[in-house]
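J.: Have a look at the structure that comes next, please.
The values are calculated or read from the model by the stated rules, or taken from the named source; none is laboratory data. On a predicted model such as this, the values are computed, not experimentally measured, just so you know. Quick reminder, even Gly has a Cβ in these numbers, built from the backbone with ideal geometry, and neighbours come from all protein chains shown. Side chains are part of the model used for accessible areas, which takes the heavy atoms of the whole protein and leaves out ligands, DNA and RNA. Shrake-Rupley method; radii C 1.70, N 1.55, O 1.52, S 1.80 Å.
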Amino acid sequence: MIKRGKGVSLTSMTHPIPIIKLNAEEGKTLRYLFVFALVLIEATVWFLGIQMEWEPAISKLGMFPCTQVKYTTKPDIASVSQGLGNFLQGDSDLSMIYSYGLPLGDGIVGGLAAWPLKIPSLSFSLQQKGVAFAVNAICGKLELAKPGTENGLTQFKITSTDVWSTMFSMRMAIQLPGGSHDWEEFADSDITQECEIRYIMGDAVINYGFVSDEWGGISSSNMQSIAMNDLHLDLYNSQHAYFGRVQDALGVNSKYQNITQWVIEATNAVFANASYGTSQGALFCNIFQWATLPDGYYHTDVSWKGMAAAISIIAHYVLMQYDDAGTAQCEYSGMQGAGVIHCPSYVIAMAATSVVVCLIVELSQLFWWFLLSGGGEKNDRAAKILENPMQLLYDLRAGGTELMGDLYGEEQSSTAIRQHYEEVLVRFGESRHTRPNPVGMLILGAPGEVMAMSEKREYY
């Protein structure tokens with residue numbers, strides 16, 4: 001209608017225009033899509049938060065000097081045998097089971113590889129090949145204690161010991177004082193329980209954690225992981241393994257027969273006809289504390305945990321009596337406990353897709369507004385007539401009547417009206433009558449009454 005000087009048929013103005021090309025409400029569909037994309041982003045962010053998981057991460061700190069443990073000189077256990085049990089009681093007072101090893105489904109696996117000679121951070125771990133041990137304990141048979149054996153203390157008695165190279169088994173009787181155990185029928189009486197212990201040693205790659213203080217002191221913290229041939233166990237994820245599996249992984253060798261004998265000697269020093277009292281107002285002795293539950297009583301169904309832990313404490317003490325065999329280079333790492341936030345890849349893909357959809361829809365809406373308002377100088381001027389509908393009606397009051405004319409004949413069907421309008425040509429532009437004036441008027445009229453718009457003139 002603007003560029004064609006001969007005009008166009010009125011029927012060309014009656015064809016419906018797809019909403020994607022012209023929306024009477026200025027891109028309502030695009031706005032709906034944009035709002036939908038925003039809602040999708042919000043939902044995805046919430047879903048992302050729900051699916052997030054913490055994954056442990058260990059950072060490498062570097063290779064630094066360390067003391068690699070060697071065991072060539074027998075520790076003088078005999079000279080400390082009388083006070084060794086009380087010493088280990090105090091040592092275990094504020095300890096966790098991870099200080100001595102990793103718990104198994106029926107025992108404990110522990111060991112020692114090296115001791116740090118550098119402090120790269122306040123908490124770190126050190127990995128090196130070293131000596132490992134595994135302990136299994138089974139406690140079952142319960143009986144009333146023999147009359148006259150009560151002394152108000154927790155009593156231990158070793159009844160038998162069998163040794164095979166780096167393995168040994170031991171039978172032990174434990175007497176729990178009245179008022180300290182969960183056998184309700186004989187709550188006020190001493191009871192005895194028999195336990196059987198199995199022990200083995202071998203080679204392993206051990207990752208042990210250490211902590212330091214502001215004054216430069218270093219203390220062992222928790223065992224982080226242990227690898228024995230094809231078996232790898234990690235902190236907080238070791239109870240799915242059992243002693244039999246660990247025994248197979250360690251194998252049978254005679255390499256650590258001397259250390260095995262030292263552990264047996266230390267065990268005899270601690271538990272051979274020994275009695276231990278309570279501390280801090282508790283009902284149990286510290287060295288057997290893992291045979292209790294939070295209620296403070298000995299629970300006979302977890303006595304195996306207390307026995308396995310006690311032997312592990314002794315074995316750890318023996319391994320700490322290593323020789324000074326010079327320095328080696330060990331791998332230091334950031335101690336386990338740090339981690340990264342992780343979420344499934346499909347959730348990240350959903351979030352990224354929703355953001356891209358939102359961006360595309362918004363750009364489409366902006367592009368739509370650009371086309372609507374920036375289609376050229378002449379199109380902009382043509383669109384101005386829509387800003388004032390009353391003025392438009394006034395300008396077309398006569399021209400519209402003249403253009404449309406009357407139908408020939410009496411038939412006024414849709415077909416007749418369409419055929420009539422096909423013969424009516426119209427053009428949009430400046431009125432011929434306002435061309436001499438400084439300001440022109442835009443009209444929709446017969447081609448002979450309309451002139452082309454000029455970019456140099458002003459219109460109202």
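J.: Between ARG432 and LYS129, with labels modelled 7 Å along Cα→Cβ, what's the label distance in nm to one decimal, could you check?
T.: Between ARG432 and LYS129, the label points sit 10.7 nm apart.
J.: Would you kindly derive the ³J(HN,Hα) couplings of the stretch 184-200 from the backbone phi angles with the Karplus curve 6.51 cos²θ - 1.76 cosθ + 1.60 (θ = phi - 60°), listing them in order in whole Hz, with x for Gly and Pro?
T.: Using θ = phi - 60°, the values come out as 4, 4, 10, 4, 8, 10, 6, 10, 10, 9, 9, 10, 10, 10, 10, 9, 8 Hz.
J.: Something else now. Roll a 1.4 angstrom probe over the protein heavy atoms and tell me the percent of accessible area of the stretch 152-269 that is carbon or sulfur.
T.: Carbon and sulfur: 46 percent of the exposed surface of the stretch 152-269.
J.: Assuming R0 = 25 Å, what is the FRET efficiency of TYR346 and GLU42, from their Cβ-Cβ distance, to the nearest 0.05?
T.: 0.90
J.: At what distance in angstrom do the alpha carbon centres of the stretch 108-136 and the stretch 143-173 lie from each other?
T.: Measuring centre to centre over Cα atoms gives 31 Å.
J.: Label points 7 Å out from Cα along the Cβ direction at ASP234 and SER219: separation in nm?
T.: The answer from the label model is 2.7 nm.
J.: Multiply the residue separation of GLU455 and MET96 by 0.36 nm, subtract the distance between their alpha-carbon atoms, and state the gained length in nm to one decimal.
T.: Going from the current span to full extension adds 120.5 nm.
J.: Follow-up. For the stretch 221-285, what is the accessible area per residue in Å², given a 1.4 Å probe and the full set of protein chains?
T.: On the way: 3010 Å² over 65 residues.
With the other protein chains kept in place, the stretch 221-285 gives 46 Å² per residue.
J.: Apply 1/(1 + (r/R0)^6) to the Cβ-Cβ distance of SER79 and SER59, taking R0 = 56 Å, and write down the FRET efficiency to the nearest 0.05.
T.: My answer for the efficiency is 0.85.
J.: Ok, one more. By how many nm would the segment from LYS255 to HIS299 grow when fully extended, if each residue of separation counts as 0.36 nm and the alpha-carbon distance is taken off?
T.: Gain on extension, LYS255 to HIS299, equals 12.1 nm.
J.: Just to be sure I understand the model, the point goes 7 Å from the Cα along the line to the Cβ. What's the resulting ILE417 to GLN329 distance in nm?
T.: Distance between label points: 9.5 nm.
J.: Another question, then. Given a Förster distance of 35 Å, report the FRET efficiency between TYR32 and MET52 from their Cβ-Cβ distance, rounded to the nearest 0.05.
T.: Once the sixth-power term is evaluated, E becomes 0.70.
J.: Still on this structure, I have one more. How large is ³J(HN,Hα) for each residue in the stretch 73-85, as worked out from phi by the Karplus curve 6.51 cos²θ - 1.76 cosθ + 1.60 (θ = phi - 60°), to whole Hz, x for Gly and Pro?
T.: Karplus-based 3J(HN,Hα) across the stretch 73-85 equals 10, 5, x, 7, 6, 4, 6, 10, 4, 5, x, 5, x Hz.
J.: So how do 304-316, 190-202 stack up, highest first, on mean other-Cβ count within 10 Å?
T.: 304-316, 190-202
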